[in-house]
1. Test of understanding: express the Cα radius of gyration of the stretch 156-205 as a ratio to 2.2 N^0.38 Å, with N the residue count.
2. Run the numbers for residue 205 and residue 244: contour at 0.36 nm per residue of separation, minus the present Cα-Cα distance, in nm.
3. Is the shape of the stretch 73-199 best called rounded, prolate or oblate, per the rule: a/c under 1.5 gives rounded, else a/b larger than b/c gives prolate, else oblate, with a ≥ b ≥ c the square roots of the Cα gyration tensor eigenvalues?
4. Return the subset of 17/137; 17/164; 135/173; 135/164; 137/164; 17/124 for which the Cα-Cα distance in this structure is over 30 Å, preserving the input order.
5. Hey, what did the chain get for relative contact order, percent, Cα under 8 Å, at least 6 apart?
6. Under a plain spin-label model, where a point goes 7 Å from the Cα along Cα-to-Cβ, how far apart in nm are residue 76 and residue 158?
7. Starting from the residue with the highest accessible area, list 141, 59 in decreasing order, probe 1.4 Å.
8. Mind putting a number on the dipole of the chain about its Cα centre? Charges go on the C-beta only, +1 for Lys and Arg and -1 for Asp and Glu, and I need it in Debye to the nearest 20.
Amino acid sequence: MPDPRPTPIPDSIERSKVPRHVGVVMDGNGRWAERRGLDRTAGHGAGEVSLVDTVYGALSLGMKALTVYAFSTENWVRPVDEVRYLMNFNQGLLQRRQHELHADGVRIVFSGRQDWRVPRRVLKNMNEAVELTKKNKKMTLNIAFNYGGRAEIVDAVRRLVSDKVSAARVDEKAIRSRLYHPELADPELIVRTSGEYRISNFLLWEMAYAELVFTDVLWPDFRREDLFRAVEEFQRRQRRFGGIVP
Ligand code: IPE
Ligand code: IPE
Ligand code: MG
């Protein structure tokens, strides 16, 4: 499907230094809605356009992976109506968008626990989207759904144990290869919207050396231009990985 809002990439972005993998904490939906006197759920709904626009922005930059935080292992404590809305909304979003994402070469995957709390029809839809798009190569859209960074590490350790890996053989590679998507490079940039300066259990292992960019923009107002700005900020950072700059 053609990009509904084709937008030139600013000259200030160096194309050869675009992060291969970016993670986004899509936060601020509730506040966006409350400021308009709307129900919090209206904010979640409005975030769909932001997500699609961000995916197009990432595609146009040539990014290889985009991980978006859609529902955390902690979000179950919200009022049942909001949780129910989010389950239905995420399912609907997949149904509405999977075909255009597929046509644009996006591979959809999920990170998170597919446990009993996620309604079976939602799981079914998730698996259909994964199946439909599994051969796509342009970019991976990794949806962190019922995701927690600690749960991911716990799940990796469980697999280490069930694989009978001896203590002497437990190293970073052994753990990393048992995370939800070891084929994805670690995110080089994490963006969080809504002016909150925290990680909230997102990609704890993977973000060890990610650059963090925080913006006050609320997620429903976020567009690809905001992604471009975050990439510009990333490109101004000096990455040292514990070393020194020669
Ligand atoms: C992010 O927006 C979406 C989810 C966590 C599912 P919020 O719902 O957290 O919005 P705020 O932070 O309350 O404004
Ligand atoms: C993080 O946002 C989770 C998602 C965006 C899905 P939250 O709104 O749940 O995080 P906290 O509670 O402010 O830390
Ligand atoms: Mg929030």
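The values are calculated or read from the model by the stated rules, or taken from the named source; none is laboratory data. This structure is a prediction, so every number in the text was calculated from the model and none was measured. Please note: Cβ atoms are built from the backbone with ideal geometry, for glycine as well, and neighbour counts cover all protein chains shown. In case anyone asks, the SASA skips ligands and DNA or RNA and just uses the protein heavy atoms, side chains included. Shrake-Rupley method; radii C 1.70, N 1.55, O 1.52, S 1.80 Å.
1. Details: Rg = 14.4 Å, N = 50, 2.2 N^0.38 = 9.7 Å.
The stretch 156-205 yields a ratio of 1.48.
2. Working: separation 39, 0.36 × 39 = 14.04 nm, distance 2.32 nm.
So the extension gain works out to 11.7 nm.
3. Values: a/c = 1.61, a/b = 1.33, b/c = 1.21.
In terms of gyration-tensor shape, prolate.
4. Numbers: 17/137 20 Å; 17/164 40 Å; 135/173 26 Å; 135/164 32 Å; 137/164 34 Å; 17/124 38 Å.
Going by Cα-Cα distance, 17/164; 135/164; 137/164; 17/124 fall outside the 30 Å limit.
5. Details: 379 pairs, mean separation 71.7, N = 246.
The value is 29 percent.
6. Label-label distance for residue 76 and residue 158, simple model: 1.2 nm.
7. Values: 141 5, 59 35 Å².
From most accessible down to least: 59, 141.
8. Details: 40 positive and 33 negative charges, 142 e Å.
It works out to roughly 680 debye.
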